[in-house]
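J.: This structure is in structure tokens; I'll ask about it shortly.
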Amino acid sequence: MNRERALKVVLVLVGLLFSAGIYPLTMSLWKMNQSDYGDDMMLSLYFALGIFLLIAVRNPSANRSLIAFAAWSSFAHAAVMAVLAFHIASERGGLLSAVAVLVVIGATLIVLAPAKQSGELASAAGA
């Protein structure tokens, strides 16, 4: 399987995973559980990101910055969750599992990200 095809598969899987956040988000909003407002806000962002990753499957090269954002925001989210895992002992297992998933997602997207095209390199050098 070539690199672009592997990237498209990863974009679909991650896009669907992130988009699936709409279900717990709507259930939480339906019940108006006050303790989950932070989670609801995060899920809404991941849902939107998931939709855009699914759209990016058509032309990954044109969506390099979106793919990079998805990767680096996954690393940032994982870093925050790792710190929380050490402060909240009762949630450590779940948080560290999520950290591992987010790091794998971020690393995979970085490794498979499309290279800059020659036109992009020339315009960047002229800027």
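J.: Obtain the nm distance between the two label points defined at residue 86 and residue 51 by a simple spin-label model: each point lies 7 Å from its Cα along the Cα-to-C-beta direction.
T.: If labels sit at residue 86 and residue 51, their model points lie 3.8 nm apart.
J.: Ranking 53, 43 by Cβ neighbours within 10 Å, fewest first, what do you get? Please list the in-between numbers first.
T.: Details: 53 26, 43 21.
The most exposed by this proxy come first: 43, 53.
J.: Still on this model: Against the longest alpha carbon principal axis of the chain, how many degrees, from 0 to 90 and to the nearest 10, is the axis of helix 3-19 turned?
T.: Taking Cα atoms only, the helix is inclined about 30 degrees.
J.: As a test of the formula, what do you get for the chain when each DSSP H run with n ≥ 4 contributes -39,500 (n - 2.57) and the sum is divided by the residue count, at 222 nm and rounded to the nearest 500 deg cm²/dmol?
T.: Values: 6 runs with 101 residues, N = 127.
Computed mean residue ellipticity for the chain: -26500 deg cm²/dmol.
J.: Turning to a different aspect of this structure: Let me spell out the model: positive unit charges on the Cβ of Lys and Arg, negative unit charges on the Cβ of Asp and Glu, origin at the Cα centre of the chain. What dipole size does that give, in debye rounded to 20? Before the final figure, lay out the partial values.
T.: Details: 8 positive and 6 negative charges, 89 e Å.
So the dipole magnitude of the chain works out to roughly 420 debye.
J.: Mind checking which of 106, 21, 93 has the largest fluctuation in a GNM of the chain, springs on alpha carbons under 10 Å?
T.: Of 106, 21, 93, the most mobile in the Gaussian network model is 93.
J.: To test your reading of the geometry: what angle, between 0 and 90 degrees and rounded to tens, separates the Cα axis of helix 92-112 from the longest principal axis of the chain?
T.: The answer is roughly 10 degrees.
J.: For the Cα atoms of the chain, what angle does the longest principal axis make with the long axis of helix 22-31, in degrees from 0 to 90, nearest 10?
T.: 30
J.: Then there's this: Rank 75, 86, 52 by mean-square fluctuation in a GNM of the chain with C-alpha springs under 10 angstrom and give only the top-ranked residue.
T.: 86
J.: Which of the trypsin sites (Lys or Arg not before Pro) found in the range 1-61 are in a DSSP loop and have at most 12 neighbouring Cβ atoms, other than their own, within 10 Å? Write down the numbers at each step before the final one.
T.: Numbers: sites: 3, 5, 8, 31, 58; in loops: 58.
Answer by residue number: 58.
J.: Can you work out ³J(HN,Hα) from phi for every residue in the range 81-87, in order, using Karplus 6.51 cos²θ - 1.76 cosθ + 1.60 and θ = phi - 60°, giving whole Hz and x for Gly and Pro?
T.: 5, 5, 5, 4, 4, 7, 9
Every read-out reported here was derived from the displayed coordinates using simple, explicitly stated rules and does not represent laboratory data. Computed from a prediction, not measured in an experiment: that's the story for all the values here. Methodologically, a virtual Cβ is constructed for each residue, glycine included, from the backbone with ideal geometry; neighbour enumeration extends over all protein chains shown.
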